[in-house]
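Below: the structure, in structure tokens.
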Ligand SMILES: NC(=O)c1ccc[n+]([C@@H]2O[C@H](COP(=O)([O-])OP(=O)(O)OC[C@H]3O[C@@H](n4cnc5c(N)ncnc54)[C@H](OP(=O)(O)O)[C@@H]3O)[C@@H](O)[C@H]2O)c1
């Protein structure tokens, strides 16, 4: 079988190679998935460069890839043969950029027929992040308010869709004026552009009362610091990214100066949030239920991943370039076989 692999960390265009590997055989409780599509996320490129969370850096050589959809084409002795031919997404099985992937049977979650391969391939990383932070960590309910930065990001757009179905309101930060009308049209109740010098005052006014009660931030730097400074007594900010630092190459932009008095006097909380740590702490039953629920929402049409563009895995370099373009409109997916 063909596989994309890295033997050392470096620039994706230099270190990702396509190679022929022996076809793997599933162990007793495992199954084998013939991959159809697997996305290229910015975090996959961080892994290739060796800049991702240490616990997610694979031992090399390894295939990158963090999620995807495929068809079960072999099962271990303890897995029902009725699963052969099932279309599944993989729940936290790294190394998906290969034609055949071995997965524990319980981590291969069936995909409803109404969900396209393109949508299924993106069902885990960004939708689960948006769902877990809003519904499970912040426990947002009907009528609550959430402040989010980078509202135009994929995660931000999932948050807007979840807000619609779950009935909470959003105050959204974007960095370009052109995005204001778009985020409003997606249901953002308040949209503030951080290109305006007085955006912190606009935010304070929009939030009102004693300040921000619940917020999520993936920009860090000055944006994250401003959100932290405006937290209400007992307010909570989840920091889940650091987009201020382009491709993680500007260490200073990782810094997020905290104004201590605001934090102390409000006994507020600024906490990191990382999907893979969250998944590790949840039981497989619980995270599997979460992923099934996201797939059902996709089948019902209430959760829609961004448009996708397929790249044959031989053209992976083009997919990497598309992932890194500043304003990309389609999620690059590596295609391993015809659907
Ligand atoms: N912690 C976790 O477990 C977890 C899980 C999933 C994602 N993430 C993180 O979530 C973030 C968003 O991911 P994504 O895949 O949704 O991103 P994405 O779709 O690639 O979108 C990035 C968005 O961020 C905006 N942006 C980029 N740099 C910015 C900056 N310096 N200041 C303000 N806005 C900026 C972009 O605005 P323009 O349109 O103006 O370019 C774009 O709207 C990333 O940092 C990712 O690593 C974290």
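Residue under question is residue 318, and the condition is that it be more than 16 Å from the ligand (Cβ to nearest atom), at pLDDT 95 or above, in the same structural domain as residue 33 (by TED's automatic domain parsing) and part of a helix (DSSP H, G or I); does it hold?
Yes: the conditions hold for residue 318.
Applying the selection to region 144-160, what residues are in contact with a helix residue (DSSP H, G or I) (Cβ under 8 Å, 6 or more places away or on another chain) and more than 7 Å from the ligand (Cβ to nearest atom)?
Across region 144-160, the qualifying residues are 145, 146, 147, 148, 151, 158, 159, 160.
Output yes when any residue across region 23-39 is touching a residue at least 60 places away in the same chain (Cβ under 8 Å), within 11 Å of the ligand (Cβ to nearest atom) and surrounded by 18 or more Cβ atoms within 10 Å (Cβ to Cβ), and no when none is.
Yes, region 23-39 has at least one match.
What strands (runs of 3 or more DSSP E) completely inside region 88-202 contain at least 3 residues that are crowded, with 21+ Cβ neighbours inside 10 Å?
100-104, 145-148, 169-174
Could you list, in sequence order, all residues of region 228-246 that are surrounded by 12 or more Cβ atoms within 10 Å (Cβ to Cβ) and within 12 Å of the ligand (Cβ to nearest atom)?
Answer for region 228-246, where residues must be surrounded by 12 or more Cβ atoms within 10 Å (Cβ to Cβ) and within 12 Å of the ligand (Cβ to nearest atom): 238, 239, 240, 241, 242, 243, 244, 245.
Going through region 258-306 one residue at a time, which ones are part of a loop (DSSP other than H, G, I, E, B), touching a helix residue (DSSP H, G or I) at 6+ places or on another chain (Cβ under 9 Å), closer than 27 Å to residue 227 by Cα and away from the ligand (no atom under 16 Å from the Cβ)?
Matches in region 258-306: 258, 259, 268.
For every residue, the table says whether it meets (1) modelled with pLDDT under 95; (2) in a strand (DSSP E or B).
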position: 31; (1), (2): no, yes
position: 38; (1), (2): no, yes
position: 44; (1), (2): no, no
position: 51; (1), (2): yes, no
position: 55; (1), (2): yes, no
position: 59; (1), (2): no, no
position: 66; (1), (2): no, no
position: 72; (1), (2): no, yes
position: 77; (1), (2): no, no
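Which ones in region 325-337 are part of a loop (DSSP other than H, G, I, E, B) and touching a strand residue (DSSP E or B) at 6+ places or on another chain (Cβ under 8 Å)?
Correct list: 330, 336, 337.
Based on this model, can you work out whether residue 185 counts as modelled with pLDDT under 95, at negative phi and not assigned by TED's automatic domain parsing to the domain that holds residue 304?
no
Any idea how many residues of region 247-257 are on the phi < 0 side of the Ramachandran plot and within 11 Å of the ligand (Cβ to nearest atom)?
2
So, in region 273-296, how many residues would count as being farther than 27 Å from residue 113 by Cα and under 15 Å from the mean Cα position of the chain (by Cα)?
5
Applying the selection to region 321-339, what residues are more than 13 Å from the ligand (Cβ to nearest atom) and surrounded by 18 or more Cβ atoms within 10 Å (Cβ to Cβ)?
Result: 333, 334, 335, 336.
So in region 165-185, with the set limited to residues that are out of contact with any strand residue (DSSP E or B) (no Cβ under 9 Å at 6 or more places or on another chain) and in contact (Cβ under 8 Å) with a residue 12 or more places away in the chain, which one is farthest from the ligand (Cβ to nearest atom)?
Among them, the one singled out is 167.
Of the residues that make up region 49-58, is at least one under 17 Å from residue 317 (Cα atoms) and in contact with a helix residue (DSSP H, G or I) (Cβ under 9 Å, 6 or more places away or on another chain)?
Yes; the residues of region 49-58 include at least one that is under 17 Å from residue 317 (Cα atoms) and in contact with a helix residue (DSSP H, G or I) (Cβ under 9 Å, 6 or more places away or on another chain).
For every residue, the table says whether it meets (1) outside the structural domain of residue 145 (by TED's automatic domain parsing); (2) over 30 Å from residue 100 (Cβ atoms); (3) in contact with a strand residue (DSSP E or B) (Cβ under 8 Å, 6 or more places away or on another chain).
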| residue | (1), (2), (3) |
| --- | --- |
| 228 | no, yes, yes |
| 245 | no, yes, no |
| 259 | no, yes, no |
| 323 | yes, no, yes |
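State all residues of region 208-227 that are within 16 Å of the ligand (Cβ to nearest atom) and at negative phi; if no residue qualifies, say none.
Hits for region 208-227 are 215, 216, 217, 218, 219, 222, 223, 224, 225, 226, 227.
The values are calculated or read from the model by the stated rules, or taken from the named source; none is laboratory data. All values reported here derive from a predicted model rather than from experimental measurement. Glycine also receives a Cβ, built like all others from the backbone with ideal geometry; neighbour counts cover every protein chain displayed.
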